[in-house]
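Written below as structure tokens is the structure these notes are about.
The values are calculated or read from the model by the stated rules, or taken from the named source; none is laboratory data. On a predicted model such as this, the values are computed, not experimentally measured, just so you know. Neighbour counts run over all protein chains shown; Cβ positions are idealised from the backbone, glycine included.
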Amino acid sequence: MTEQNKAPEVRLSPDRTRVALRFEGREYWTAQGNGSFEALMSDEDVADWTPLVPDDGQREHVIDVREDGWTIKHPMSCRSDLFACEVNRAAGQQIKAMPAPAGKYECGLDGAGVFSIGKAVTS
Ligand SMILES: [Zn+2]
């Protein structure tokens, strides 16, 4: 990933009406509705603002299988409450060994709530 398309850090104000952005190594700044610059914000100013995870476009659960274990990456819709994620819970209960050859795969639950692995993901 190049510097240019690295996503900024984003924070949402406590009243949820404004966002502050910070690009790599810069100060936070807020934008008006039309996207134009509004004000610089210090770290203290945004300390009680809620960090938002940038949307990386992932829409499915992805399991990263390695020789020594596996990790599940969640889509945006899941990330605010991972403890409630059914896929996470099913994977934890049902995966007993290396579930597939090392690599990344789409994954999810079938109709019966059984953890299932789908097609390989190349990126
Ligand atoms: Zn999830």
Checklist entry - Of the residues ASP48, ASP68, which single one is modelled with pLDDT of 90 or more, in the same structural domain as SER116 (by TED's automatic domain parsing) and of a type in the set (Asp, Glu)? => result ASP68
Next on the checklist: Against the condition within 19 Å of the chain's Cα centre (by Cα) and at pLDDT 85 or above, how does VAL53 come out, does it pass?
Outcome noted: no
Next on the checklist: Scan region 55-73 and tell me whether some residue there is under 17 Å from ALA7 (Cβ atoms) and small (Gly, Ala, Ser).
Outcome noted: yes
Next on the checklist: Of all residues being of a type in the set (A, V, I, L, M) and free of Cβ contacts under 8 Å to residues at least 12 places away in the same chain in region 36-88, which is nearest to VAL19 (Cα to Cα)? Just the residue, please.
Outcome noted: ALA39
Checklist entry - Does ALA39 fit the bill of being more than 15 Å from ALA100 (Cβ to Cβ), of a type outside the set (D, E, K, R), away from the ligand (no atom under 14 Å from the Cβ) and not in a strand (DSSP E or B)? => result no
Checklist entry - With respect to GLY33, is the statement that it is within 16 Å of the ligand (Cβ to nearest atom) and more than 18 Å from the chain's Cα centre (by Cα) true? => result no
Item to check | Of the criteria (1) of a type in the set (Val, Ile, Thr); (2) surrounded by fewer than 17 Cβ atoms within 10 Å (Cβ to Cβ); (3) near the ligand (Cβ under 9 Å from one of its atoms), which one VAL87 fails | outcome: (2)
Checklist outcome for this item: Across (1) away from the ligand (no atom under 12 Å from the Cβ); (2) in a strand (DSSP E or B); (3) free of Cβ contacts under 8 Å to residues at least 40 places away in the same chain, ALA100 clears everything bar (2)
Checklist entry - Residues in region 65-84 that are exposed (fewer than 15 other Cβ atoms within 10 Å of the Cβ), within 14 Å of the ligand (Cβ to nearest atom) and assigned to a strand (DSSP E or B): how many? => result 1
Next on the checklist: Just to verify a result, which residue in region 95-114, among those that are among the hydrophobic types (A, V, I, L, M, F, W, C) and more than 20 Å from GLU67 (Cβ to Cβ), is farthest from the chain's Cα centre (by Cα)?
Outcome noted: ALA112
Item to check | Exclusive hit being farther than 20 Å from ALA7 by Cα, out of contact with any Pro (no Cβ under 9 Å at 6 or more places or on another chain), at pLDDT 90 or above and part of a loop (DSSP other than H, G, I, E, B), set GLY113, GLY92, GLY108 | outcome: GLY113
